[in-house]
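Rule-based calculations on the coordinates, nothing more; no lab input. In this text, all values refer to a predicted model and were calculated from it rather than measured experimentally. Using ideal geometry, Cβ is built from the backbone for each residue, glycine included, and neighbour counts are taken over all protein chains shown.
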Amino acid sequence: MKFFVDTADVKEIRELADTGLLDGVTTNPTLIAKSGRDFIEVITEIAGVVPGPVSAEVAATDFEGMVKEGERLALIADNIAIKVPLTWDGLKACKHFTSKNIMVNVTLCFSAAQAILAAKAGATFISPFVGRLDDVGQPGMQLISEICTIYNHYEYFNTEVLVASVRSPMHVVEAAMIGAHVATIPPSVLKQLASHPLTDKGLATFLSDWQKTGQKIG
Ligand code: E4P
């Protein structure tokens, strides 16, 4: 399973990239606004830190506008994935970019029907938002399961399921159990994945017992 981090905070991205466990980055207009930085500048910096796909979202809502903005974003680096919303114009723009071998992340997916359209449009990634579905009382993980099942029926669907709007380590575990290709995870949740109180307790005991031996390694 690939791990992307869902942030536009370059400091946090660098820190996580240093672990060697980061496969890509997703951003959205909200995260760019939160960074307080210039969009092109911050995406350029991120694309230089992480060799994997870096999603940069268009702001236009019409096909021509999306193509114009996406073409500008694609110039930044080869690892840019143009993020387009799941609308008819977004799907058209998706087809346009993927036919030019430019990666596309189709975002704001909330149904299996939408995910089928994205795969037919040749999307590199489909982003179903599990947390936001959970928030309105619909089971987000069920959607992941449905999309994975559908995509597995058709070997010519090459779209990767990118689980988005992840809120907890359990979302990541459940997505992995279903077999989703990618999870895009907020930095705080990514850090939580490594934590377990029994790990902390066990390590403290091992360290204090080791000190009693009075030995040093090397
Ligand atoms: C995905 O690409 C989105 O940026 C993100 O996962 C949205 O998550 P949120 O629902 O926590 O805003």
- Query: What residue among Lys92, Lys100, Lys201 has the largest mean-square fluctuation in a Gaussian network model of the chain, using Cα springs under 10 Å?
  - Reply: Lys201
- Message: Highest mean first, how do 169-180, 203-214 rank when packing is the count of other Cβ atoms within 10 Å averaged over residues?
- Response: 169-180, 203-214
- Query: Tell me which lysines have Cα within less than 30 Å of Lys120's Cα, excluding those fewer than 8 residues away on the same chain?
  - Reply: Lys2, Lys68, Lys83, Lys92, Lys95, Lys100
- Task: Quickly rank 131-138, 74-81, 114-121 as a protection proxy: mean count of other C-beta atoms within 10 Å, highest first.
- Result: 114-121, 74-81, 131-138
- Message: Residue by residue through segment 147-163, what is 3J(HN,Hα) from phi via Karplus (6.51 cos²θ - 1.76 cosθ + 1.60, θ = phi - 60°)? Round to whole Hz and write x for glycine and proline.
- Response: 5, 4, 4, 4, 4, 5, 6, 10, 5, 7, 8, 9, 6, 8, 7, 10, 6
- Helix 169-178: angle to the longest alpha-carbon principal axis of the chain, degrees 0 to 90, nearest 10? 60 degrees
- Along segment 75-91, what does the Karplus equation 6.51 cos²θ - 1.76 cosθ + 1.60 (θ = phi - 60°) give for ³J(HN,Hα), rounded to whole Hz, x for Gly and Pro? 5, 4, 6, 5, 8, 7, 10, 6, 9, 10, x, 7, 10, 4, 5, x, 5
- Message: Give the lysines reachable from Lys11 as a straight Cα distance under 19 Å; neighbours fewer than 8 places away on the same chain don't count.
- Response: Lys34, Lys191
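What does the highest-first list of 4-14, 29-39 look like by mean Cβ count within 10 Å?
Packing proxy ranking, top to bottom: 4-14, 29-39.
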- So what is Rg over Rh here for the chain, counting just Cα atoms and using Kirkwood for Rh? 1.06
